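Read through the structure below, which is laid out as structure tokens, and then see the notes.
Each reported figure results from applying straightforward, stated rules to the coordinates on display, with no laboratory input. Just so it is clear, the model here is predicted, and its values are computed rather than measured. Methodologically, a virtual Cβ is constructed for each residue, glycine included, from the backbone with ideal geometry; neighbour enumeration extends over all protein chains shown.
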Amino acid sequence: MTNEWAEFRAYTAKPVYSCASKRDHSYLGRFTIDMIQEPVGLARILTILARGYLFHDADGALLNGSPYDRTDHARRALCAWCSVPEKKKSSDPPVDFRALSTEFPELVDDKGRGWYYRHVKDVIAFVRAHPQETDQWTQKKIVPISKNFTNDWKKKVRQMQVPVFHRKTKGAWIHRFDDMIADALEAGPLRTEEYLLPDEYVKRIDEVISDNKLKPVAAEVVRFYLANRSDDTPWVVLPVQSFDAYYGSTAFSKKQLAALPKELIVREYRDGICRICLMES
């Protein structure tokens, strides 16, 4: 979770659709089926994408010059990633960004199929083609997704282009491309290496946790906290859905996070956002 460049690559490279067993959800990539059914965790994904195109070249090296000069480039990248093909006359705001396929061939093709649109369609096709290799719960979830995804995603893509001060804006807590780019500029370049956990924290985890299966999860959460904490607050927002996707299931959000002892991590929920604070020994 602390190697943000690896996360960026997971959202831009071509996925591999395969699974070794019914419990293997690697064909979903860095998503869970819940994230696809309801676009939760989308803010982090779009911000990671924006940071990649604002600050890095194709190999991950830092670009010269000001990232503020590349905000239009980053916005076009987000549009390309979210693109949905439309056969009829383009809507306003548009959702089909096939014109960007030359600039961002990794994100959208010449038929308007954006990276995310292609990925969801390929996941649907994979689950349908492999009923013996995929679990029944996922097969059940795929049915409404396959029926509703295209129209729901079009609505979402239009919503993300609404100006923040538009007088007809009624929704609160919605995603906007402009918000993600602003967050990306503030967050800065992507971290291109895993954060190494200091020995003192490894020792502390061993002291307060006896479950060997929970220890690596605790170590990952502590790593994320240390890598992302700031000087002005002891709290760090924890992207729970992204952790689920990182581990390939919802076990983290439904079981493991709650099992972390308060002697190590304190959790607090506000407006649907989870934030954590590390308890020092």
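Structure data summary
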item	result
Charge dipole (debye, nearest 20) of segment 199-278; +1 at Cβ of Lys and Arg, -1 at Cβ of Asp and Glu	260 debye
Sorted by Cβ neighbour density within 10 Å, fewest at the top, the residues Glu103, Glu4	Glu103, Glu4
Sum of -39500 (n - 2.57) over DSSP H runs of 4+, divided by residues of the chain (222 nm, nearest 500)	-13500 deg cm²/dmol
Dipole magnitude (debye, nearest 20) for the chain, charges at Cβ of Lys, Arg, Asp, Glu	1560 debye
Convex hull volume of segment 97-234 per residue (C-alpha atoms, cubic angstrom)	228 Å³
Between segment 37-95 and segment 185-202, the Cα center-to-center distance that results, in Å	23 Å
For the chain, alpha-carbon Rg and Dmax in angstrom	19.7, 63
For segment 199-278, alpha-carbon Rg and Dmax in angstrom	12.2, 35
Taking segment 121-255 and dividing mean pair separation by its residue count, relative contact order in percent (alpha carbons under 8 Å, at least six apart)	11 percent
Taking the chain and dividing mean pair separation by its residue count, relative contact order in percent (alpha carbons under 8 Å, at least six apart)	24 percent
Neighbour-count order for Leu42, Leu100, fewest beta carbons within 10 angstrom listed first	Leu42, Leu100
Cleavage-rule hits (trypsin sites (Lys or Arg not before Pro)) in segment 237-270: DSSP loop, at most 16 neighbouring Cβ within 10 angstrom	Lys262
Length-normalised contact order of segment 97-187 in % [C-alpha pairs under 8 Å, at least 6 apart]	14 percent
